[in-house]
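Right, one structure below, let's go through it.
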Amino acid sequence: MKINPNFASMERNYLFAEVAAKTAAYQAAHPDQRLLRMGIGDVAGPLPQAVVEAMAAASREMGRKEGFRGYGPYEGYGFLREAISAYYADLGAQVDPAEIYVNDGAKSDAGNLGDLFDRDNLCLIPDPVYPVYVDANRLAGRPVAFLDATPENGFLPLPGPETRADIVYLCSPNNPTGAAYDRQGLQAWVDFANRTGAVLLYDAAYEAFITDPGLPRSIYQVPGAKSCAIELCTLSKLASFTGVRCGYTVFPKGLRRGGQALGELWLRRQATKFNGVSYPVQRGAEAAFGKEGLAQARQAVKYYLENAAILAGAIGKFARYWGGKNSPYIWMECPKGMGSWEYFDFLLCEKQIVATPGAGFGRNGEGFLRLTAFGSREDVLEAAERLGRG
Ligand code: PLP
C-alpha cells in the first residue's frame, strides 16, 4: 500500500490551522487579553429569520409520514434550482434551472471539479488566492502555474499573448485581496478561453458584496461565458450559511469539451460520489432567495460592508490597502517593510488583533495582510481604534 505521494507537494498545515494554533497559544499565555478576531472568513450570523422558519417547517414536514423525504436528486431539488435561476435573472444573467447543480458549499466543488479533467491539464491559478484551488490540484497531481496578482495590476491579472492554460481559476471579488474584475477584465478572460479552448472556473462566493453597478456579479453577465465558464457560488456569505452548508455550481448547456457536455459528466460524477444536500437545508436556501429572506440577508451584507469601510478608513491613514468595498476583505501592505508573519505576530502580540498573513495565500502575498469585516461592530470599532494608535 502506498499513500498519495502528492501530499508531499502541499504545505504542511492549512493556513487557517496555523493561524488558529498561534492564536490559541497566545490566548493560553495571556488569558486576560481580549483578542479581536479579524482573521478567518467566517460570518458572525445569525441566519436570516425566513431561513430559520423554512428549515423548521421542512423538518416538521419530514416528521410526518406523508411529508417524509429520503435521498433527494443529486443535482438538487427543482424548487431551489428555480429560485437560484430567478436570482441570476435579477442580476441580468440567463441561467436555466437545469444548468444549476446544488451542493454542500463552494469549497467542496472547488476541489471536486478536478474530477472532470485529465491530470495533465495545466491549471492557471492567481497568486495570491483562496488556497483550496492550489491544494486540490496539487493533491490530484495536476501541474499548476501562477498568475501574478500584484499592486501593479491592481491584483487583477489579465491574459497576455504568452498565457497558456487548460483550466483557469478566477475569484472575484477576490479572497484575499478584495479586488473585483470589471466587465472588460472578465471579457478578456472569456475571450481567451473561447479562443484557446480553456475552461474558466469562476468563483463568485462574494458576489453579494458587490455594490458597484459597473461590476459584474456573475461571469454569465459577460457575453461568451456560457461556452467556456463554470461558476461556483455559495449561500455561505450571502445568507450566513457557513455552518448550514449549501452552494451551487453552474454548468451551462453550451459548455462542451472533447465532444461532451461538462454538465452531463458532472451529474455522472455527482451520482457516484455525492448524495445531495438535505431537504431542510435546501428549503432554507430557497427561503434565502425569497423576497423576505433576501432582504434579511442583504441587511447583514450591508453591515459587513460598513465594517469594511470602518477598517479601511483606519488602515488608509498609515498603509496602502485594496478591497474594503465590494468585498468583506481588506488587503493591506504591511507597514515598514515588515513580512506577513512578522506583522501578524506584531498585531497579535501588541494589539491583540488576529489577522491572516498574506503569505499564506501565495508567494505574492508576502508583505501583505488580510483583515475581514465579518466581526461585530463593537470589535471592528475597537480594532480600528487599536490600529489607529500606531
Ligand atoms: N470560495 C471562496 C473564494 C471562499 O473564500 C470560500 C470560503 O471562505 C469558499 C469558496 C467556501 O465557501 P463554502 O462555505 O460555500 O464552502
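The values are calculated or read from the model by the stated rules, or taken from the named source; none is laboratory data. Here the structure is a predicted model, which is why all the values come from computation and not from measurement. Methodologically, a virtual Cβ is constructed for each residue, glycine included, from the backbone with ideal geometry; neighbour enumeration extends over all protein chains shown. Side chains included, ligands, DNA and RNA excluded: accessible areas come from the protein's heavy atoms. Shrake-Rupley method; radii C 1.70, N 1.55, O 1.52, S 1.80 Å.
Can you tell me the convex hull volume per residue for segment 155-282, based on C-alpha atoms, in Å³ to the nearest whole number?
Cα convex hull per residue, to the nearest whole number: 126 Å³.
May I ask for the distance between the Cα centers of segment 221-253 and segment 293-347, given as a whole number of Å?
24
Would you kindly work out the equivalent ellipsoid of the chain from its C-alpha gyration tensor and give its semi-axes, the square roots of five times the eigenvalues, largest first in whole Å?
Three semi-axes, in Å: 32, 27, 21.
Only loop residues by DSSP count here, and only those with at most 13 other Cβ atoms within 10 Å; note down the trypsin sites (Lys or Arg not before Pro) in segment 311-390 that meet that.
Filter output for segment 311-390: LYS317, ARG320, ARG389.
Under a point spin-label approximation (7 Å from Cα along Cα-to-Cβ), what is the MET62-ALA29 distance to one decimal in nm?
Here the answer is 4.5 nm between the modelled labels.
Where is the GNM fluctuation largest for the chain (alpha-carbon springs, 10 angstrom cutoff): SER218, SER59, SER236?
SER59
Mind checking which of LEU369, VAL43, ASN275 is farthest towards the positive end of the chain's charge dipole, using Cβ charges of +1 (Lys, Arg) and -1 (Asp, Glu) about the Cα centre?
The listed residue farthest towards the positive side: ASN275.
Among LEU116, LEU215, LEU35, which one shows the biggest mean-square fluctuation in a GNM of the chain, springs joining Cα atoms closer than 10 Å?
For the chain, modelled as a Gaussian network with Cα springs under 10 Å, the answer is LEU116.
Using a 1.4 angstrom probe on the protein heavy atoms only, line up TYR303, TYR202 by accessible area, largest first.
Sorted descending by solvent-accessible area, the residues read TYR303, TYR202.
Of all accessible surface on segment 259-333 at a 1.4 Å probe, what whole percent is carbon and sulfur?
Carbon-and-sulfur percentage of accessible area, whole number: 53.
In debye, nearest 20, what is the charge dipole magnitude of segment 49-291 about its Cα centre with +1 on Lys and Arg Cβ and -1 on Asp and Glu Cβ, if you could check?
Using only the charged Cβ atoms, the result is roughly 720 debye.
So for segment 276-381, taking the charge dipole from beta-carbon charges (+1 Lys/Arg, -1 Asp/Glu), which of GLN352, ASN326, ALA308 sits furthest toward the positive end?
Among GLN352, ASN326, ALA308, the one farthest towards the positive end of the dipole of segment 276-381 is ASN326.
With a 10 Å cut-off between alpha carbons and a GNM built on the chain, which of THR356, THR272, THR242 moves the most?
THR272
Structure shown: which of LYS273/LYS302; LYS226/LYS317; LYS291/LYS317; LYS237/LYS273; LYS107/LYS226; LYS107/LYS325 lie over 31 Å apart, alpha-carbon to alpha-carbon?
Cα-Cα > 31 Å for LYS273/LYS302; LYS226/LYS317; LYS291/LYS317; rest within.
How much of the calculated P(r) for segment 53-132 lies past 20 Å, in percent of all Cα pairs?
It works out to 57 percent of all Cα pairs.
Rounded to the nearest 20 debye, what is the charge dipole size of segment 63-166 about its Cα centre when +1 sits on each Lys and Arg Cβ and -1 on each Asp and Glu Cβ?
Roughly 480 debye for segment 63-166.
Could you give the dipole magnitude of segment 121-195 about its Cα centre, charging the beta-carbon of Lys and Arg +1 and that of Asp and Glu -1, in debye to the nearest 20?
200
Given a 1.4 Å probe and every protein chain left where it sits, what share in percent of the accessible area of segment 133-235 is carbon and sulfur?
Carbon plus sulfur share of accessible area: 51 percent.
Would you be so kind as to identify which of GLY254, PRO161, LEU124 lies farthest towards the positive end of the dipole of the chain, taking Lys and Arg as +1 and Asp and Glu as -1 on Cβ and the Cα centre as origin?
Most positive-ward Cα: GLY254.
With every protein chain present, what is the per residue accessible area of the chain (1.4 Å probe, Å²)?
Accessible area per residue, the chain: 43 Å².
With each pseudo-label sitting 7 Å past Cα toward Cβ, what's the ALA261-PHE318 distance in nm, one decimal?
In this crude spin-label approximation the distance works out to 5.7 nm.
So what are the radius of gyration and Dmax for the Cα set of segment 38-188, in Å?
For segment 38-188, the Cα-based Rg and Dmax read 19.4, 62 Å.
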